[in-house]
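Here is the structure we will look at, set down as structure tokens.
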Amino acid sequence: MRAPALALLAALAASVAVSPATAQVRLTFVAPERYTDADNRFGSGLSLRAVLAEMRRLFESLGERALAPGQSLDIAVLDIDLAGIDRPSFSMPQGLRVVTDITPPRFRLRYALKQRGRTLLAAEETVSDINFLLRSNRLSSGQPFFYEREVLRDWFRDRIVERRPPRG
């Protein structure tokens, strides 16, 4: 009877044990009302609030998958320019976003990656990919912000995970 009681106590202790500090992304949108193209100015499509909520969810999910325990990533989003150009249309209630190879998504970010309070990496850069439409193996699945997701996923892998410095 003593062995099962000890096993129960050990299991309870393991479930209450203090885990190492979890990784986290702290995101700040700096003057979003001034962003180049995050708010649908024509009254159709997604609102600025919806765009920012989706961007927050995207950055946080990237961080959850890639940051180690004890790491934190502070990101200040200084500008957002979504892929394409928003065109109002009388025939479509949602309007239309025309995406061409000269309208890539572009983000201006200031970020700092920290490990237990010590800064590992800090920079400010413009994140974009002029070749965003050449990704033939990554066709859009109809999800919103597909091109933005791909560009930010590549940036996150290069800068945060692999710690490659920005060019130039």
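Bear in mind these aren't lab numbers, they're just calculated from the coordinates by the rules spelled out. Everything quoted here is computed from the prediction, not taken from an experiment. Cβ atoms come from the backbone with ideal geometry, glycine included; neighbour counts cover every protein chain shown.
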Quickly work out the Ile102-to-Gln115 label distance, labels modelled 7 Å from Cα along the C-beta direction, and quote it in nm with one decimal. 4.5
So, by mean Cβ neighbours within 10 angstrom, what's the order for 56-64, 75-83 with the highest one leading? 75-83, 56-64
